[in-house]
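Here is the structure we will look at.
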Amino acid sequence: MSENSVFKDDLFEGKRVFITGGATGMGLGFAQAFLNHGAKVIIASRKEDKLEEAAAITKEKFGKELLWKTMDVRNNETVEEVANFIKSEWDELDILINNAAGNFVAPIASMSENAWRAVVDIVLDGTFRVSKACYPLLRKARSASIVNIIANYAWNAAPFVGHSGAAKAGVLNLTRTLALEWANDNIRVNALCPGVVLTENVKRNLMLDEDTAKTFEDYIPVGGITDSEKMAQQVLYLCSPAADVITGDMLIADGGQWLVGNAFYQMGKKFLDE
Ligand code: NAP
């Protein structure tokens with residue numbers, strides 16, 4: 001079932017997992033990895049057709065049921081509706097992955113306030129809304145884990161993706177705050193910081209073409225541009241009992257990219273020249 005995984009097939013047997021933005025890209029990779037290790041999974045995002053497609057593909061490929069609900073993390077009512085759905089299905093929640101995000105390349109000088117607000121609303125405010133709505137379900141589980149998906153420009157400059165950088169920086173701080181506030185409930189809260197993962201969205205909005213991808217490659221000391229399956233392994237680790245002494249931390253899984261230089265600066269300059 002999980003042939004490329006280093007983890008036992010039953011590592012998450014019976015665990016209940018909720019993933020925002022789980023119908024595409026990395027979120028879908030996380031969902032399938034948890035299912036293939038025995039968990040039950042609910043995903044939620046805005047587009048019904050994508051959610052349906054994700055469930056159908058997962059059924060066809062792995063023979064597993066992927067539950068889904070439509071939800072816009074910018075709309076608290078829909079977030080509450082999904083939390084109620086989780087409560088009615090499972091009553092409790094063991095794992096929450098705050099993965100939903102929006103991003104596009106734009107220098108601050110030409111960024112509209114709406115564009116800024118949209119990204120901050122999804123990434124930072126959305127993480128707040130979903131975490132808060134799921135808190136009563138998470139604290140009911142004997143031990144729970146939240147993983148917030150950030151990016152390696154969260155603690156550094158984020159040239160040409162400044163809205164996302166500011167929002168992810170906020171999520172990193174929120175990760176550490178919740179790690180302390182919810183420690184007594186035995187809820188661990190960590191962040192995963194992926195490297196460059198060539199999802200459809202990245203191809204469409206950030207990479208633009210193969211040349212730009214090569215520019216990124218030059219800034220990645222080990223592992224190169226990676227994939228959702230590899231990132232899923234990091235999430236599985238953070239949610240596993242092996243990591244039960246880890247909270248308020250971030251796992252930087254970017255092949256050392258952030259140590260080398262700011263690839264977004266190089267890529268963004270190229271984008272502006274075109
Ligand atoms: P992706 O495929 O575009 O996934 C983002 C998901 O978020 C989509 O399924 C989208 O579905 C959902 N979403 C967007 N706005 C939403 C909203 N308002 N409410 C609910 N769901 C919403 O992108 P990805 O590349 O897999 O990225 C996944 C995560 O990794 C993101 O947090 C991203 O910032 C982070 N990350 C990615 C990379 C990379 O190289 N790919 C690097 C570093 C960090 P709908 O549009 O249907 O709502």
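Between LEU35, LEU124, the distinction of being of a type in the set (A, V, I, L, M, F, W, C) and out of contact with any Gly (no Cβ under 6 Å at 6 or more places or on another chain) belongs to LEU35 only. Candidates in segment 109-148 are the residues that are surrounded by fewer than 21 Cβ atoms within 10 Å (Cβ to Cβ), hydrophobic (A, V, I, L, M, F, W, C) and not in a helix (DSSP H, G or I); of these, the one that is nearest to the chain's Cα centre (by Cα) is ALA141.
Can we say VAL82 is surrounded by 15 or more Cβ atoms within 10 Å (Cβ to Cβ) and within 22 Å of ALA154 (Cβ to Cβ)? No: the conditions fail for VAL82. For segment 175-186, the set of residues classified as surrounded by fewer than 19 Cβ atoms within 10 Å (Cβ to Cβ) and assigned to a helix (DSSP H, G or I) consists of ARG176, THR177, LEU180, GLU181, ALA183, ASN184, ASP185, listed by residue number. Limited to segment 19-66, what total is found for residues that are small (Gly, Ala, Ser) and over 20 Å from ASN98 (Cβ atoms)? Here the count works out to 4. Any residue at all in segment 213-230 that's in contact with a helix residue (DSSP H, G or I) (Cβ under 7 Å, 6 or more places away or on another chain) and in contact (Cβ under 8 Å) with a residue 60 or more places away in the chain? Yes, that holds for at least one residue. Which one is modelled with the highest pLDDT, of the residues in segment 194-206 that are near the ligand (Cβ under 9 Å from one of its atoms) and part of a helix (DSSP H, G or I)? Selected residue: GLU200.
Every residue, every condition in (1) out of contact with any helix residue (DSSP H, G or I) (no Cβ under 7 Å at 6 or more places or on another chain); (2) not aliphatic (A, V, I, L, M), yes or no:
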site: LYS50; (1), (2): yes, yes
site: SER88; (1), (2): yes, yes
site: ILE95; (1), (2): no, no
site: SER110; (1), (2): yes, yes
site: GLU113; (1), (2): yes, yes
site: ARG117; (1), (2): yes, yes
site: ASP125; (1), (2): yes, yes
site: SER131; (1), (2): no, yes
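Exactly one residue among ALA167, ALA151 is near the ligand (Cβ under 10 Å from one of its atoms), in a helix (DSSP H, G or I) and under 16 Å from the mean Cα position of the chain (by Cα), and that residue is ALA167. Only one of the numbered conditions (1) within 20 Å of ASN98 (Cβ to Cβ); (2) exposed (fewer than 14 other Cβ atoms within 10 Å of the Cβ) is violated by VAL189, and that is (2).
Whenever a residue of segment 115-142 is touching a residue at least 60 places away in the same chain (Cβ under 8 Å) and among the β-branched types (Val, Ile, Thr), its partners that are part of a helix (DSSP H, G or I) and buried (at least 19 other Cβ atoms within 10 Å of the Cβ), lying with C-beta atoms within less than 7 angstrom and at least six residues away or across chains, give the pairs VAL130/VAL79. If I ask for residues that are surrounded by fewer than 16 Cβ atoms within 10 Å (Cβ to Cβ) and not β-branched (Val, Ile, Thr), which ones from segment 192-222 would you list? Passing the criteria: GLU200, LYS203, ARG204, ASN205, ASP209, GLU210, ASP211, LYS214, GLU217, ASP218, PRO221. Of all the listed residues (ALA213, ALA158, ALA191), the sole one being assigned to a helix (DSSP H, G or I) and either more than 9 Å from the ligand (Cβ to nearest atom) or farther than 23 Å from ILE95 by Cβ (or both) is ALA213. When ALA101, ALA44 are checked against the criterion of being within 14 Å of the ligand (Cβ to nearest atom) and closer than 30 Å to TYR265 by Cβ, a single residue qualifies: ALA101. If you check ARG142, ARG129, which single one turns out to be charged (D, E, K, R) and modelled with pLDDT under 95? Residue meeting the stated conditions: ARG142. The C-beta contact set for segment 175-193 (first residue touching a residue at least 12 places away in the same chain (Cβ under 8 Å) and closer than 15 Å to THR127 by Cα, second residue of a type in the set (D, E, K, R) and away from the ligand (no atom under 16 Å from the Cβ), distance under 6 angstrom, 6+ apart or interchain) comprises ASN190/ASP249.
Considering GLY21, GLY29, GLY25, the condition of being modelled with pLDDT of 95 or more, in contact with a strand residue (DSSP E or B) (Cβ under 6 Å, 6 or more places away or on another chain) and within 12 Å of the ligand (Cβ to nearest atom) is satisfied by GLY21 alone.
The values are calculated or read from the model by the stated rules, or taken from the named source; none is laboratory data. On a predicted model such as this, the values are computed, not experimentally measured, just so you know. Positions of Cβ are generated from backbone atoms using ideal geometry, with glycine treated the same way; all protein chains shown enter the neighbour counts.
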